[in-house]
Amino acid sequence: MPHGEKYDPISKIISENVARLRKQHNYTGTDLATRCAEYGRSLTPPIESRLSFMIISKIETGARTVSVTEMALLAGALAVTPDVLMGLPPSDTTPETLTLEARVVALEEKMGRILE
């Protein structure tokens, strides 16, 4: 389902920012999928990335939304914080300085405020 009535505005922003940042880094979809997997393995505890070229393509076109874990992986692979993917100003912390649990909690809080 491309960006349409049932597609929430935050998901649209995320998909546009993933595509924009991927292109800024000159990554192919496969490059980004590989970087997501590498980033996931570097976390404590490690996270297995299921983001393939095809899934990233669907995210970028709006045919699929991202989970909180996928957003953390994409943000880490693109060297930004999840709030940047959501179109918010960057936070003071970088993905490397936060534990996965802290990133998920912070992201859930921000998304809750945005959707209110």
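The values are calculated or read from the model by the stated rules, or taken from the named source; none is laboratory data. If you're wondering where the values come from, they're calculated on a predicted model, not measured in any experiment. So basically every Cβ, Gly included, is an ideal-geometry build from the backbone, and we count neighbours across all protein chains shown.
Descriptive notes on the structure:
- Qualifying positions in the stretch 25-39 - outside any loop (DSSP other than H, G, I, E, B) and surrounded by 14 or more Cβ atoms within 10 Å (Cβ to Cβ): Gly29, Asp31, Leu32, Ala33, Thr34, Arg35, Cys36, Ala37, Tyr39
- Residue pairs whose Cβ atoms lie under 7 Å apart, sitting 6 or more positions apart in sequence or on different chains, and linking a residue in the stretch 60-88 that is farther than 18 Å from Pro9 by Cα and in contact (Cβ under 8 Å) with a residue 24 or more places away in the chain to a partner that is assigned to a helix (DSSP H, G or I) and among the hydroxyl-bearing types (Ser, Thr, Tyr), are Leu73/Tyr39; Gly76/Tyr39; Ala77/Tyr39.
- In the stretch 12-51, the residues that are farther than 17 Å from Val80 by Cβ, of a type in the set (Ser, Thr, Tyr) and either out of contact with any helix residue (DSSP H, G or I) (no Cβ under 8 Å at 6 or more places or on another chain) or modelled with pLDDT under 95 (or both): Thr34, Thr44
- Residues being assigned to a helix (DSSP H, G or I), in contact with a Leu (Cβ under 9 Å, 6 or more places away or on another chain) and under 21 Å from Glu16 (Cα atoms) - total across the stretch 40-58: 2
- Checking Gly62 against (1) buried (at least 16 other Cβ atoms within 10 Å of the Cβ); (2) modelled with pLDDT of 95 or more; (3) more than 23 Å from Ala106 (Cβ to Cβ), the condition it does not meet: (2)
- Among residues that are at pLDDT below 90 and crowded, with 18+ Cβ neighbours inside 10 Å, Pro95 is included.
- Selected residue (only one of Asp83, Asp31 is acidic (Asp, Glu) and either within 18 Å of Glu108 (Cβ to Cβ) or touching a Gly at 6+ places or on another chain (Cβ under 6 Å) (or both)): Asp83
- Qualifying position, being on the phi < 0 side of the Ramachandran plot and over 12 Å from the mean Cα position of the chain (by Cα), among Pro82, Pro46: Pro46
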